[in-house]
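Enquirer: Structure in structure tokens, see below.
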Amino acid sequence: MRVILQLIGCLAPFTLVHSAEEHDSAGWETILDEKLTQWEIFLGPPHVSVVVPGYTHAADPKQDKPLGLNSDPLHVFTVRAIGGEPVLHITGEIFGTITTLKEYGDFHLRVQFRWGAVKHAPRLNAPRDNGILYRCFGPQGATGGFWKRSLECQVQENDIGDLYSLGGTAGIAALEFPNPRGGKPLWHYVPGAPLRRFGGRCAHGEDYHELPNGEWNTIEIMAVGDRSLHILNGRVVNVLQNTQRAVDGRTQALVSGQIQIQSEGAEAEYRRLEIRPLVRFPSEYQALFAPAASPTAK
């Protein structure tokens, strides 16, 4: 991975860093409280290793039914007060999400996140995984039986800020590099690289500084129109533009939707979930966006 990042660094002309306290004049709304009044819970089918009172697994696990909306018998999502503030605790035991009741257009989301210790099947031997989905649309569970169609700001060990397209697509300046974990090469965001359209994954750029497990990372998503930024601890790690979705066979700009936070096999906590309207990107970020063009399909 170090070699990959060095190669990317040779192409990156500058680094943009801001503190979590900058651009802080007004307008923040706290969207986390102890009763999750601004969210709804959706849980998919539990893994065959999970015992849920009153739930019977089908003979074929692929036929298992989701627990559904606002049914959380094992308390996968709970909020507790720590140090006088609400903290969202996610066990990860069953795949699912909490989803904002509101849809958001142009916004700036800011959260603090840290990993817990516990992992669950089927990801016992995989990196801890989670995610923030935004521009969410369509029915619950439309993607994989667990998530809405959306764009994902990945929250996974050493991968925070990756794009995963879950029913939306995005143009990203990117180059392909060897995968440090083996397997197929990975596309990484690289400032100034050719703009390509992603309907799957595009990994974060080289300016990446995830804190050790157990420490609080600050994750931000800024979205204006069909453009968005993924920001980790004050550093831009991914830049999306020309975000789109397909509806009834027709392509539309993807410019609004709900926000989801995943449970995906790993214990995690979120606090200080705040959102505010965003009219335009801060001036120091404008140069990150390539001139308007149709991205090359990847």
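The values are calculated or read from the model by the stated rules, or taken from the named source; none is laboratory data. Values in this document were obtained by computation on a predicted structure and should not be read as measured data. Because the Cβ atoms are built from the backbone with ideal geometry, glycine has one as well, and the counts that use them run over all protein chains shown. Each accessible area value is taken on the protein alone, full model and side chains, heavy atoms only, with ligands, DNA and RNA left out. Shrake-Rupley method; radii C 1.70, N 1.55, O 1.52, S 1.80 Å.
Enquirer: Please state the shape class of the range 142-184: rounded when a/c is under 1.5, otherwise prolate if a/b exceeds b/c and oblate if not, all from the C-alpha gyration tensor.
Expert: Here the range 142-184 falls in the prolate category.
Enquirer: Pop out the ³J(HN,Hα) list for the range 153-160 in order, Karplus 6.51 cos²θ - 1.76 cosθ + 1.60 with θ = phi - 60°, rounded to Hz; leave Gly and Pro as x.
Expert: 8, 4, 10, 9, 3, 6, 9, 4
Enquirer: Moving on. Just reorder THR243, THR296 by solvent-accessible area, largest first, 1.4 Å probe, all chains present. Please report the intermediate quantities before stating the final value.
Expert: On the way: THR243 5, THR296 80 Å².
Per-residue accessible area, sorted high to low, gives THR296, THR243.
Enquirer: While we're looking at this one, here's another question. With loop defined by DSSP as not H, G, I, E or B, and exposure as at most 14 other Cβ atoms within 10 Å, which is the longest segment of the chain clear of exposed GluC sites (Glu not before Pro)?
Expert: Values: sites that count: GLU21, GLU22, GLU34, GLU103, GLU157, GLU215.
It runs 216-298.
Enquirer: About the Cα centre of the chain, what is the dipole size in debye to 20, counting +1 per Lys and Arg Cβ and -1 per Asp and Glu Cβ, all else neutral? Write out the running numbers ahead of the final one.
Expert: Numbers: 28 positive and 32 negative charges, 173 e Å.
Its charge dipole is roughly 840 debye.
Enquirer: Suppose a student asked you for the relative contact order of the chain, using Cα pairs under 8 Å spaced at least 6 residues apart; what percent would you report? Present the calculation step by step, with values, prior to reporting the outcome.
Expert: Values: 740 pairs, mean separation 79.6, N = 298.
Computed value for the chain: 27 percent relative contact order.
Enquirer: Roughly to the nearest percent, how much of the accessible area of the chain is carbon and sulfur, given a 1.4 Å probe?
Expert: It is 53 percent, rounded to a whole number.
Enquirer: With angles folded into 0 to 90 degrees, how steeply does helix 2-11 sit against the dominant principal axis of the chain? Use alpha carbons for both and round to 10.
Expert: That helix lies at roughly 40 degrees to the long axis.
Enquirer: Projecting each Cα onto the charge dipole of the chain (Lys/Arg +1, Asp/Glu -1 at the beta carbon, about the Cα centre), which of ASN233, GLY171, GLY265 comes out farthest on the positive side?
Expert: GLY171
Enquirer: Which of the lysines could be linked to LYS119 by a straight reach, that is with a Cα gap under 28 Å, when you skip same-chain ones fewer than 8 residues away?
Expert: By straight Cα distance, LYS119 reaches LYS35, LYS62, LYS65, LYS148, LYS184.
Enquirer: In whole Hz and in residue order, list the ³J(HN,Hα) couplings for the range 34-49 that follow from phi through the Karplus curve 6.51 cos²θ - 1.76 cosθ + 1.60, θ = phi - 60°; x for Gly and Pro.
Expert: Whole-Hz 3J(HN,Hα) from phi for the range 34-49: 5, 10, 6, 5, 9, 9, 10, 9, 9, 10, x, x, x, 4, 4, 7.
Enquirer: Would the range 33-96 count as rounded, prolate or oblate if I go by the C-alpha gyration tensor, calling it rounded below 1.5 in a/c and otherwise prolate when a/b exceeds b/c, oblate otherwise? Numbers along the way, then the final one.
Expert: Working: a/c = 3.31, a/b = 2.39, b/c = 1.38.
In terms of gyration-tensor shape, prolate.
Enquirer: Oh, and also: Label-point separation (nm) for GLU284 and LYS62, each offset 7 Å from Cα along Cα-to-Cβ?
Expert: In this crude spin-label approximation the distance works out to 5.1 nm.
Enquirer: Using a ≥ b ≥ c from the Cα gyration tensor of the range 137-285 (square roots of the eigenvalues), is it rounded, prolate or oblate, where a/c under 1.5 gives rounded and otherwise the larger of a/b and b/c decides, a/b for prolate?
Expert: rounded
Enquirer: Measuring with a 1.4 Å probe in the full set of protein chains, what accessible area per residue, in whole Å², belongs to the chain? Display every interim value, and only then the final one.
Expert: Working: 13160 Å² over 298 residues.
Computed with neighbouring chains in place, this is 44 Å² per residue.
Enquirer: Once the whole set of protein chains is in place, how much accessible area is left on LYS102, using a 1.4 Å probe, in Å² to the nearest 10?
Expert: 100 Å²
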